[in-house]
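The values are calculated or read from the model by the stated rules, or taken from the named source; none is laboratory data. Fair warning: this is a prediction, and the values are worked out from it, not measured in the lab. Glycine gets a Cβ as well: all are built from the backbone with ideal geometry, and neighbour counts include every protein chain shown. Surface areas here come from the heavy atoms of the whole protein model, side chains and all, with no ligands, DNA or RNA. Shrake-Rupley method; radii C 1.70, N 1.55, O 1.52, S 1.80 Å.
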Amino acid sequence: MKKQILLVVSILLVGFSIVSAQIPKTISGGVLNGKAQNLPAPEFPAAAKAVNASGTVNVQVTIDEDGNVTSANAISGHPLLRAAAVDAARQAKFTPTQLSGQAVKVTGVIIYNFTPAASADPAQPPMPVSEGNISGGIVNGKAKNLAIPAYPAAAKAVGAEGAVNVQVTIDENGDVVSASSVSGHPLLRQAAETAAFASKFKPTLLNGQAVRVTGIIVYNFTGGNSAMSKPNWFKTGFDLASIQYNPSLINLNVSSISKVLQPDWTAENQQLQSLSEIKQAENAGQTKSSPALIDAAQSLIASLQSRLGSDELKYWQFNTGLRLSEALAKFRNANEKQSALDSLRQQIQSAPSSVSPEYLADLQKITAILEKQKQTADDMQQIGLIMPKLFLNDGSPKRVILLP
């Protein structure tokens, strides 16, 4: 009899161990704003107000079994707004999440929307996760075909840009069956929702069965073009180099560069934050770059060169932007012009075979103009017409760009 009891107890313990092992230690909660018991609004930093920084900041968080935020990391948004969003996220409190009666950790995103007139109000997602759906978090990387939104004429007219987060439900076949924007400029939301509906995803399987998924698609509208979250390494290199020669553009450049850095590139994001802070601390009327600003830019350049070194095309794009920016800055200085143009020519000649001939031809046209002893007004106008084409493209024949 004792042996039978021991056998039953052993079976129960083994069964409990199997069930416990099947319960994940951490689950994904998608956008978490609506699940918070207390979600403090962040302060609006004075430095951010000074440069009219605004827009959404997405903070990735981990919430423990008691509903406390144990880690927070800003994964998008203006560099001058990120620290305030992270500080607010760390003070948030959530309802503990239970799975099969057991408390579990949750990872997800808190979305903060900073507007120039006030502190950020956390965006409230209108679509709670329903029974039978699972949360997929940010789903951009899971798409088979992620449609690029059109840029509305009304949005262009007022210079509207920035990130738009669209909460979607994806059915068992990978089709988007509902889409609702939860943050972003009002004039951009409809275009983002339309693109979300046109997107196609890989079906999600759970225990071998196709299931519905809710998640967020992030669309980034920049400068009147709907190039969505695709880094242009040529422009990034150009912007970083220009910081050394035209510091008055630093605020624009920091905003542009921040959009191409991956969330897990910790060192590079910290270097960009440091660069921004150095500039903010300088006298607004100065006309030359300080040694500290130049050092910060050069440190970020070196880190990105190392980061991109294994990708021949991206490495070439980035360094071509650096060389062209340097040549444009030095072409009026006879002592420095020739060296800068030689470097640019060598860079163009080293282009990988995948770079489009049209792109190389545009670079060579600019080089030929800069090589002249004296440039005419028509020459400078020609450069002005070519540069936007280079900024909107990256030399890859496969990249699709929607022009304004």
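Past 20 Å, Cα to Cα: identify those pairs from LYS93/LYS142; LYS49/LYS279; LYS235/LYS365; LYS35/LYS105, in the order given. If you can, show how the numbers build up before the last one.
On the way: LYS93/LYS142 30 Å; LYS49/LYS279 15 Å; LYS235/LYS365 18 Å; LYS35/LYS105 14 Å.
Pairs exceeding the cut-off: LYS93/LYS142.
Please give the net charge around VAL177, taking every other residue with its beta carbon less than 11 angstrom from that of VAL177, where Lys and Arg add +1 and Asp and Glu add -1. After counting each charged neighbour, the total is -2. Take region 68-114 with all the other protein chains still there, run a 1.4 Å probe, and you get 40 Å² of accessible area per residue.
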